[in-house]
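One structure is given here, and the rest of the page talks about it.
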């Protein structure tokens, strides 16, 4: 063991000498991460403390229960199960419905033969990505208000004729569908790029073997972009607990907290509106830990199953 | 010590530079205005360059004397402008009415006059919203002064967290505030913590007439057309709404935004009296604290609202509808009843509809069980609503800051804060300060509120005593006056909680409890009104859950706080 470590160190030393230019180049990036991503982590200490701005982070008192009082309070809170459930429901339905959508769009665009039509369609589809979130949300509010066209259409199918955002059971569909509308074109770009990387000879070979469009897609196109898909999925899973916080804040109201209140909005309300900085930091940490675990687990599974992994 | 010395040196240099500059400026200008002031500043570098021209030299000497005395800790008078030229920073949350026409408060005519009168250079640290203010508190890096409106754990905690500098050791620099506090026991009690610390410079509503400013609003012209009286009981209101819907074609006869419904109508008991409930929020009956939302009687209030909702009388969008939409609905004849205030609601609508002689509004009092009864509650604010300008412990010049903020309580300051600048925004008519047309009929088309926001603080809050004359002139239309008199009639003073905060050691627990409880109450209120949750579950689910959330403990903490306050 010790031997191995030593040789590792020696290897690093050799490496440093050999590629010193490359290491020099990486220094600013490392400093950036240390300064902006690692140094602020010191602040998570307040999750274990009764933070008082006068005393500062270090000198604030530890909470009772060995510093874990905020966590205990959160787990015992009336809202714990609800916001956890809502977070998972919103996030998982976003992944299930939202993740395949851009892949489908990319595949469809790929099949288009008319270049001009393809380009126009693509441009239109990624336009919503550039609209600011506030504007998107007011559009959503407008469309789903009691006079909005979506409400109007739905009322023909037996839906309610009041604002849909006042009904708890409509929130998740509204959130997921508007998310797809907003992101589908932009997210498809990366898959389109992956598609162009597929060797055209493979399609030729498949055609010679008698494969039709469908078979070609199934056996050439999809395997061709599967690496990209898995990486994207892993990255997405790393954020499974981070649902679009701004969007929910802008869309929800007290009447639909039942389905719309998630961990991040809860953290926002507790921390910024109720002055409970320590408590809200504790909830935030809980969120991050779950994200971390999820991405570790899926990375491992993915490495076993498909040899594609983040690290 | 050395640092302090250096600072002094720097200050001296800056002062010298300022004086030199002002002298240079004299040379360049024609010197048409305050010649005398300039002479003073040339002769005496200590004196402020903004000494008004009319001040004679003998008066100047006198002021120097009294200044010297007060520095010695003796005199009970502050002379304005201050001799020392200071720069102070005030953090405040953005006020749309101010920033609609000026960069910030310091740039308004009011702000300039305040700075000129006190000789203080005021810098505003503009915060986007309350959240930004909370972040500022959390950062621990505070400006000289903050417009403060509350802190978890109350002022005691804020003092302990080194956000507030108690004024006790500086009261000799605030003789006019001291006089105001001495004049009224409630003022003194409300602005002092239980440890006897003076919190800051409070906003004080100086007359009972100013305590109510919101309530139920109705289309009076519709009532007249239909030969109906102002509704008093729930049944009256129901009939009126029905008539509005059927005969006036109002699509949503009663429209109210979620905030107004909860924070005004329910929390202040505009709809609760007939059902035997004072109001939704905390109140006291003979010294015993109740939490209205956790009372059995609340069920009947919800049942009434649910009936209105189910019959399409209450706006189905009440959770999401915004103020502008409601105002538009009222003016377009889609809505006949709402909850709002004299200014933003009644004033704005009446001013907009000036051209239409038929349009008229009125306010009606909180509902009661029997016509003629006095309601138990109404929109009623404490004389000291808990808004202060506080001086922070890190303030660079506490003496000057205290003197600066004291100005609002002086005679001249009170005129400036309430009425603005004499000859511009007000004139004295028959001994009473009277707003000019600049405020009342602004030539640039500003509403009264927007005009007042440029010249006064009376429209909002600040370190001064608000005068009745403001409200009388601001809400001067007959319908506004009638609304105010209808809204003020109540027993609210009897049941109202004084501005108490729970003990500092309980604060964290209390705010966790009330955070959860408040959210739950808001949600369930909406669900019961919309009928998504049937009212049968009121006892079994709603009250039980509140109990399991330990609402009793929260009430107990409020009770302790009230007992403490009463014993003081």
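What to note about this one:
- Helix-derived mean residue ellipticity, 222 nm - over chain B, DSSP H n ≥ 4, -39500 (n - 2.57), to 500: -13000 deg cm²/dmol
- Computed from the C-beta positions of residue A:152 and residue A:309, the FRET efficiency with R₀ = 45 Å rounds to 0.40.
- Cα-based helix-to-principal-axis angle, B:130-139 vs chain B, degrees rounded to 10: 50 degrees
- Average partner coverage of B:505-513, which counts Cβ from other chains inside 10 Å: 3
- Degrees separating the helix B:478-488 axis from the principal Cα axis of chain B, which is the longest one: 80 degrees
- Likely footprinting exposure, B:145, A:232, fewest C-beta neighbours within 10 Å first: A:232, B:145
- The DSSP beta bridges internal to chain B are antiparallel in roughly 60% of cases.
- Packing-based exposure ordering (other Cβ within 10 Å, fewest first) of B:171, A:133: A:133, B:171
- Relative contact order of chain A, defined on C-alpha pairs under 8 angstrom at six or more residues apart (%): 23 percent
- Exposure proxy ranking for B:247, A:254, B:116, B:267, based on other Cβ atoms within 10 angstrom of each Cβ and starting from the fewest, stands as B:247, B:116, B:267, A:254.
- Three-way shape call for the stretch A:75-306 based on the alpha-carbon gyration tensor, with the a/c threshold at 1.5: oblate
- Full-extension gain in nm, residue B:132 to residue B:412, via 0.36 nm per residue minus C-alpha separation: 97.5 nm
- Subtracting the Cα-Cα distance of residue B:491 and residue B:227 from their residue separation scaled by 0.36 nm leaves 92.1 nm.
- Inter-part distance, the stretch A:1-66 to the stretch B:134-156, computed on C-alpha centroids, equals 32 Å.
- Simple label model, 7 Å out from Cα along Cβ direction - residue A:186 to residue B:437, nm: 5.4 nm
- Computed E for residue B:505/residue A:58 - FRET, C-beta separation, R0 25 angstrom, nearest 0.05: 0.65
- For the stretch B:332-468: rounded, prolate or oblate by the Cα gyration tensor [a/c cutoff 1.5]: oblate
- Between residue A:108 and residue A:222, the distance separating the two model label sites (each 7 Å from Cα on the Cα→Cβ line) works out to 1.8 nm.
- Estimated 222 nm signal from helices in chain A, with DSSP H stretches of n ≥ 4 weighted -39500 (n - 2.57), rounded to 500: -20000 deg cm²/dmol
- With respect to chain B, whose longest principal axis is taken over its alpha-carbon atoms, helix B:234-248 is tilted by about 90°.
- Computed from the Cβ-Cβ distance with R0 of 45 Å, the FRET efficiency linking residue A:201 to residue B:149 stands at 0.05.
- Rounded if a/c under 1.5, otherwise prolate or oblate - the protein assembly as shown, Cα gyration tensor axes: oblate
- Inter-label distance for residue A:292 and residue A:129, nm, one decimal - labels placed 7 Å from Cα along Cα-to-Cβ: 3.1 nm
Readers should treat all values here as calculations from the given coordinates under stated rules, not as data from a laboratory. Since we're looking at a predicted model, the values are computed, not measured. Virtual Cβ from ideal backbone geometry, glycine too; neighbours counted across all protein chains shown.
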